[in-house]
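A.B. asks: This structure is in structure tokens; I'll ask about it shortly.
The values are calculated or read from the model by the stated rules, or taken from the named source; none is laboratory data. Model, not experiment: these values are computed from the prediction. Don't worry about glycine lacking a Cβ; one is built from the backbone with ideal geometry, like all the others, and counts go over all protein chains shown.
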Amino acid sequence: MRAALSQQKYDLLCFTHFETSTGLQQPVDALAKVASEAGIPIMVDSVSALCTYPAHLDGWGVSVMTAASQKGLGSVPGVGMIAV
């Protein structure tokens, strides 16, 4: 990722925190550190990770995290949440 970020200017790095269908968990702390070194804010889609896996926005350096009610929270669908 460092190599890619050094080749081009990016305004924002976006990725999914936890992929529901595969169970893949992204190393948010490591990705955020690399993005921070490049001066790029990050946005994390945490729909299925919210309430099922730790989320340390300030500690990880996450600029924006989005989530929704229907997966990790196990609630009714239709409620979107954004932490900035």
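A.B. asks: Pairs under 6 Å by beta carbon, first residue farther than 19 Å from Asp11 by Cβ and among the charged types (D, E, K, R) in the stretch 55-84, partner crowded, with 17+ Cβ neighbours inside 10 Å and at pLDDT below 90, six or more apart or different chains?
C.D. replies: These pairs meet every condition: Lys71/Val47; Lys71/Ser48.
A.B. asks: Sticking with this one: So the check is Cβ under 8 Å with 6+ separation or different chains; which pairs have a first residue in the stretch 1-29 that's among the small types (Gly, Ala, Ser) and a second one that's surrounded by 10 or more Cβ atoms within 10 Å (Cβ to Cβ)?
C.D. replies: Close Cβ pairs satisfying both conditions: Ser6/Ala38.
A.B. asks: Looking at Ser36 and the list (1) at pLDDT below 85; (2) closer than 23 Å to Ala3 by Cβ; (3) not hydrophobic (A, V, I, L, M, F, W, C), which single condition is not satisfied?
C.D. replies: Condition not satisfied by Ser36: (1).
A.B. asks: Okay, next question. Which one is nearest to Gly23 (Cα to Cα) among residues in the stretch 49-61 that are buried (at least 16 other Cβ atoms within 10 Å of the Cβ) and in contact with an Asp or Glu (Cβ under 9 Å, 6 or more places away or on another chain)?
C.D. replies: Filtering first and then ranking leaves Trp60.
A.B. asks: Go through Ser21, Ser46 for me and flag whichever is surrounded by 14 or more Cβ atoms within 10 Å (Cβ to Cβ) and either small (Gly, Ala, Ser) or touching a Pro at 6+ places or on another chain (Cβ under 7 Å) (or both).
C.D. replies: That would be Ser46, the only listed residue that is surrounded by 14 or more Cβ atoms within 10 Å (Cβ to Cβ) and either small (Gly, Ala, Ser) or touching a Pro at 6+ places or on another chain (Cβ under 7 Å) (or both).
A.B. asks: Only residues that are closer than 14 Å to Thr16 by Cα and modelled with pLDDT under 85: list them for the stretch 62-84, please.
C.D. replies: Within the stretch 62-84, Lys71, Gly72 qualify.
A.B. asks: Out of everything in the stretch 27-42 that is within 13 Å of the chain's Cα centre (by Cα) and surrounded by 16 or more Cβ atoms within 10 Å (Cβ to Cβ), what residue ends up being farthest from Leu12 (Cα to Cα)?
C.D. replies: Val28
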